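For reference, the structure is listed below as structure tokens.
The values are calculated or read from the model by the stated rules, or taken from the named source; none is laboratory data. Being a predicted model, the structure only gives us computed values, none of them experimental. Cβ: placed from backbone, ideal geometry, glycine included. Neighbour counts: every protein chain shown. Accessible surface is based on the protein model in full, side chains and every heavy atom, while ligands, DNA and RNA are left aside. Shrake-Rupley method; radii C 1.70, N 1.55, O 1.52, S 1.80 Å.
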Amino acid sequence: MTETLHYRLPWQSSSVYPGAHPGQMIGAGQLFKRHEPLIASPDPRRIDLRASVLDPFSSYRVRVYQQQSSVNVYLIADMSASMGYADKQQTLLRFLLTAAHSAFDYGDKFGFIGCTERIEHRWLLPAGQHLGRASALAKQLERLSFSGSANGLQNAAAFLPAERSLVFLLSDCHFPRPQLRAILGSLQGHDVIPLVLWNQHEYAALPNWGLISFQDMENNSTRTLFMRPALRQKIVTAYRQRQHDLKNTFRAFGSEPLFITEGYSTQTINRHLQQRAA
């Protein structure tokens, strides 16, 4: 059974379609928004007699309420070669299905943008409420061998709607920080939740002594190093500094990242979402 993501919006959706989130539209709802003249909102059932008596122009005043609205939920996924390492690809697939199911449970539309060297139409899923299409896409991705870089991330914003959407950015961020800043700059019109996938075997499971070969999965270059405690500690420290730098970059654009280092857990993501909405 797929668990549900409990995401809440700290802003009001501009969608005209009813949903589960605070909206800018007026309509069927429980939260009082304002009074309007009866001619502007012709619903006699909601005439406020007290407000009508106090109206200086002696017109009938009607109570109008804030409509709960839907929102577009998108997953922008890094599909570069480094995302094929260890369990990262499976984490991507599990989150894709979880996000899709959750969006449909909330009455929202779900879309997917997969990014490699460029954005290919076969890895695009326009926002909609068709769970079968999301499941079929996940099966295609499961058979795919990730390769190349994630340069397509810089063009992902062009495939998002103009209206503000909730965007999950899933990546290991193994690319230069200027590129990350360009990506986040292009997504500033949307609510971005960064999910950074790291695997501890990339740095924490290194031996203290011995020869070890490192391979860059995106350009296939290799390098052999003689491991020793001082070098191992230097690599671990570099990763910690990288994490600190990435957090500062995301925060500069108003987003708090979640680093997923110990395998996929919907509960961990939900705790992050709850802290974000608090």
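Just how many pairs of Lys in the chain have C-alpha atoms closer than 21 Å, counting pairs that are eight or more places apart or on different chains? Lysine pairs meeting both conditions in the chain amount to 4. Rounded to the nearest 20, the Cβ-based charge dipole of the stretch 1-78 about its Cα centre (Lys and Arg +1, Asp and Glu -1) stands at 360 debye.
Quick one: plug the Kirkwood hydrodynamic radius of the stretch 1-77 (C-alpha pairs) into Stokes-Einstein at 4 °C, 1.567 mPa s, and report D in µm²/s. Can you show the working numbers first?
On the way: Rh = 14.5 Å.
Rounded to a whole number, D works out at 89 µm²/s.
With N as its number of residues, the stretch 77-182 has a Cα radius of gyration that, divided by 2.2 N^0.38 Å, comes to 1.03. A Förster distance of 35 Å, applied to the separation of the beta-carbon atoms of LEU231 and GLN267, puts the FRET efficiency at 0.45.
Rg over Rh for the stretch 143-194 works out to 0.98, using Cα positions for both radii and the Kirkwood form for Rh. Of the three principal axes defined by the Cα atoms of the stretch 110-169, the extents in descending order read 32, 28, 18 Å. Counting 0.36 nm for each residue step from TYR65 to ASN208 and taking away their Cα separation leaves a gain of 45.0 nm. Dividing the convex hull volume of the alpha-carbon atoms in the stretch 16-148 by its residue count gives 137 Å³ per residue. Of all the options LEU170, LEU195, LEU225, the one that moves most in a Gaussian network model of the chain with Cα springs shorter than 10 angstrom is LEU225. Between SER145 and SER221, the modelled labels are 2.3 nm apart [label points 7 Å from Cα along Cα→Cβ]. Heavy atoms of the protein chains alone define the surface here; on that basis the chain has 53 Å² accessible area per residue at 1.4 Å probe size.
Which percent of the Cα-Cα distances in the chain go past 29 Å? Taking all Cα-Cα pairs of the chain, the fraction more than 29 Å apart is 43 percent.
Cα centroid separation, the stretch 57-110 to the stretch 1-49: 19 Å. Computed from the C-beta positions of ASP245 and GLU120, the FRET efficiency with R₀ = 41 Å rounds to 0.85.
Average the reciprocal distances over every distinct pair of alpha-carbons in the stretch 209-278, invert the result, and give the Kirkwood radius in Å.
About 15.2 Å, per the Kirkwood formula over Cα pairs.
Using the Cβ-Cβ distance between ILE47 and LEU131 with R0 = 45 Å, the FRET efficiency computed as 1/(1 + (r/R0)^6) comes to roughly 0.60. Evaluated with a Cβ-only charge set (Lys, Arg +1; Asp, Glu -1), the stretch 135-278 carries a dipole of roughly 380 debye about its Cα centre, given to the nearest 20.
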